[in-house]
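The values are calculated or read from the model by the stated rules, or taken from the named source; none is laboratory data. A quick note: this is a predicted structure, and the numbers were derived from the prediction, not measured. Reconstructed Cβ throughout: ideal geometry from the backbone, glycine too, with neighbour counts over all protein chains shown. Surface areas here come from the heavy atoms of the whole protein model, side chains and all, with no ligands, DNA or RNA. Shrake-Rupley method; radii C 1.70, N 1.55, O 1.52, S 1.80 Å.
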Amino acid sequence: ATAPADWDKPLAGKVALVTGAARGIGATIAEVLSRDGAHVIAADIPAAGEALSEVANKVGGTALPLDVTSADAGKKIAELVKSRHSGLDIIVNNAGITRDKLLANMDEGRWNSVMAVNLKAPKQLVDDLLAEDALNEGGAVVDVSSIAGIAGNRGQTNYGATKAGVIGLVDAYTPVLAKKNITINAVAPGFIETAMTAAIPLATRQAGRLMNSLQQGGQTVDVAETIAYFAAPASAAVTGNVVRVCGQSLL
Ligand code: NAI
């Protein structure tokens, strides 16, 4: 690791893309990376509208309305970082969806949409940005997995499979990205208090909290600070890892 010139701003001069940044964990990641000195490109689906601009304004970054599953997503990001910056240093693949159903009722639509957002897009973005030569040497990719990708979760076969797949992506891309001195790591949060989990029925939600090792829901900042570590020069030699945030699942 190289010590940053300014310890208070370890990401000074870096450009960071955060997908799914309009709310929840992604919005907090945008705040924390910007606090650490990065220029944040906050991306989210066009329907996120004002919420996305508000996050981007708050962090002094750029709002990028973008569906990560669209065929030209990587190209659009590459155009932006090449025209307005000197490339991209940090990718946080945070955008994610759930389409829960018990396995017997897991239709193809639910399966495919979750695969597209949670698993295909994080891979495709990295591939496309590499192909466009838009990723800077010495950067970092951080993928958001889930404890559901390690321990599984009832009604979330599609989601759990994608989040396990993300861990596979980290393994597969570690040597590929190392050639450009870029690290790749994943965080696997347990139950975190966000709009995504607020949509879960009350009893299941309470059970989710109690499945965390610390027996309570985690906060978005817990995930964001872990990601900030993986994005920072302090972890320049740390690659190929999956870190649980909130501990084991007590399933
Ligand atoms: P959230 O639902 O509050 O936020 C997700 C954001 O991603 C939304 O703003 C949404 O518009 C955006 N998004 C969805 N599809 C998109 C697409 N195609 N293109 C661009 N943006 C898109 O969710 P939350 O809770 O903040 O989750 C963030 C990440 O953390 C997800 O990957 C989720 O799977 C993961 N996670 C969440 C946990 C939790 O307990 N909340 C636990 C473990 C992982």
| What does the helix-only formula give at 222 nm for the chain: each DSSP H stretch with n ≥ 4 adding -39500 (n - 2.57), the total divided by the residues, and the result rounded to the nearest 500 deg cm²/dmol? | -12500 deg cm²/dmol
| message | Once you keep just the Cα pairs under 8 angstrom separated by 6 or more residues, what percentage relative contact order results for the range 1-148? | response | 23 percent
| said: Set the bar at 23 Å for Cα to Cα. Now go through K75/K180; K14/K180; K75/K123; K82/K163; K82/K179; K14/K82 and name every pair that lies beyond it. | reply: K82/K163
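Relative contact order of the chain: what whole-number percent is it, with Cα pairs under 8 angstrom and at least 6 residues apart?
Taking the mean separation of contacting Cα pairs over the length of the chain, I get 20 percent.
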| message | For the range 74-202, what does the accessible surface come to per residue with a 1.4 Å probe? Please give it in Å². | response | 43 Å²
| Rounded to a whole number, what is D in µm²/s for the range 52-111 from Stokes-Einstein with the Kirkwood radius over alpha-carbon pairs (4 °C, 1.567 mPa s)? | 90 µm²/s
| said: Need one word for the range 122-180: rounded, prolate or oblate. Basis is the Cα gyration tensor (sqrt eigenvalues a ≥ b ≥ c); a/c below 1.5 gives rounded, then a/b vs b/c decides. | reply: prolate
| remark: In units of 2.2 N^0.38 Å, the Cα radius of gyration of the range 68-202 is 1.12
| request: Order the following by accessible area, largest value first: I29, I45. Probe radius 1.4 Å; ligands, DNA and RNA are ignored. | output: I45, I29
| note | Order by accessible surface, 1.4 Å probe, largest leading, for residues K76, K179 comes to K179, K76
| remark: Stretched fully, the stretch from K82 through N112 gains (0.36 nm per residue minus C-alpha distance, one decimal, in nm) 7.6 nm
| In debye, nearest 20: dipole of the range 1-57 around its Cα centre with unit charges on the Cβ of K, R (+) and D, E (-)? | 120 debye
| Can you pull the percent of the range 186-246's accessible area that's carbon plus sulfur, 1.4 Å probe, other chains left in place? | 61 percent
| query | Given the alpha-carbon gyration tensor of the range 181-247, what are the semi-axes of its equivalent ellipsoid in whole angstrom, ordered largest first, with each equal to the square root of 5 times an eigenvalue? | reply | 28, 11, 9
| note | Here, the chain modelled as identical Cα point scatterers in vacuum has Debye log10 I(q)/I(0) at q = 0.17, 0.18 Å⁻¹ of -1.33, -1.49
| said: What's the magnitude of the charge dipole for the range 122-188 around its Cα centre, counting Lys and Arg as +1 and Asp and Glu as -1 at the beta-carbon? Answer in Debye, nearest 20. | reply: 360 debye
| Under a point-charge model restricted to the Cβ atoms of Lys and Arg (+1) and Asp and Glu (-1), what is the dipole moment magnitude of the chain relative to its Cα centre, in debye to the nearest 20? | 460 debye
| Expressed as a whole percentage, what fraction of the accessible surface of the range 1-138 belongs to carbon and sulfur atoms when a 1.4 Å probe is rolled over the protein heavy atoms? | 50 percent
